[in-house]
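Here is the structure we will look at.
The values are calculated or read from the model by the stated rules, or taken from the named source; none is laboratory data. A quick note: this is a predicted structure, and the numbers were derived from the prediction, not measured. Cβ coordinates were reconstructed from backbone atoms using ideal geometry, including for glycine residues, and neighbour counts include every protein chain displayed. Calculation scope for accessible area: heavy atoms of the full protein, side chains included, ligands and nucleic acids excluded. Shrake-Rupley method; radii C 1.70, N 1.55, O 1.52, S 1.80 Å.
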Amino acid sequence: QVQLVESGGGLVQPGGSLRLSCAASGRIFSINTMGWYRQAPGKQRELVASITSGGSTNYADSVKGRFTISRYNAMNTVYLQMNSLKAEDTAVYLCNMRGPLDYWGQGTQVNVSS
């Protein structure tokens with residue numbers, strides 16, 4: 001079993017920045033993809049960004065150039081640096097680890113509002 005714990009959400013003004021963190025623990029398969037998804041009220045869950053254990057990244061078009069995903073494999077931690085935040089980035093952000101099985105965190109709320 002794998003546990004994912006997110007942190008770093010909160011309220012920020014448009015144009016501001018936040019950094020999300022997700023720490024994984026438990027029986028972690030060394031080859032995996034970690035990612036961030038988000039879900040806004042009334043909308044489907046969508047991929048924001050992902051990164052493989054080898055460091056390959058993938059971003060949603062809506063966040064390219066503004067968000068950066070990174071990971072620290074030794075600590076099984078993934079980060080999402082979010083800059084130039086917009087109101088439409090408001091959502092619950094969920095951490096995901098995909099290996100032989102699929103694991104999800106509980107989510108952290110990000111509110112972008114003036």
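What to note about this one:
- Under the Karplus curve 6.51 cos²θ - 1.76 cosθ + 1.60, θ = phi - 60°, whole-Hz ³J(HN,Hα) for region 13-19, x wherever Gly or Pro sits: 7, x, x, x, 10, 9, 10
- The residues of the chain expose, per residue, 54 Å² of accessible area to a 1.4 Å probe.
- For region 68-114, the C-alpha radius of gyration divided by 2.2 N^0.38 Å, with N the number of residues, is 1.35.
- For the chain, averaging the sequence separation of C-alpha pairs within contact (under 8 Å, six or more residues apart) and dividing by the residue count gives a relative contact order of 37 percent.
- Kirkwood Rh in Å, taken over the chain so that all alpha-carbon pairs contribute: 14.0
- Net charge dipole size for the chain [Lys, Arg +1 and Asp, Glu -1 on Cβ; Debye, nearest 20]: 80
- Once the Kirkwood radius over Cα pairs is known for region 41-99, the Stokes-Einstein relation at 4 °C and 1.567 mPa s delivers a diffusion coefficient of 103 µm²/s.
- Accessible surface of the chain [probe 1.4 Å, protein heavy atoms]: carbon and sulfur percent: 49
- Across ILE69, ILE28, ILE51, mean-square fluctuation computed from a Gaussian network of the chain (C-alpha pairs under 10 Å connected) peaks at ILE28.
- Amide H to amide H distances under 5 Å link GLY107 with GLU6, CYS95, where only residues 5 or more positions off or on other chains count and H is placed in the peptide plane.
- Per-residue HN-Hα couplings for region 78-87 [Karplus 6.51, -1.76, 1.60; θ = phi - 60°; Hz; x = Gly/Pro]: 10, 10, 10, 8, 10, 10, 6, 5, 10, 4
- Rg ratio (alpha-carbon, reference 2.2 N^0.38 Å) - region 1-51: 1.37
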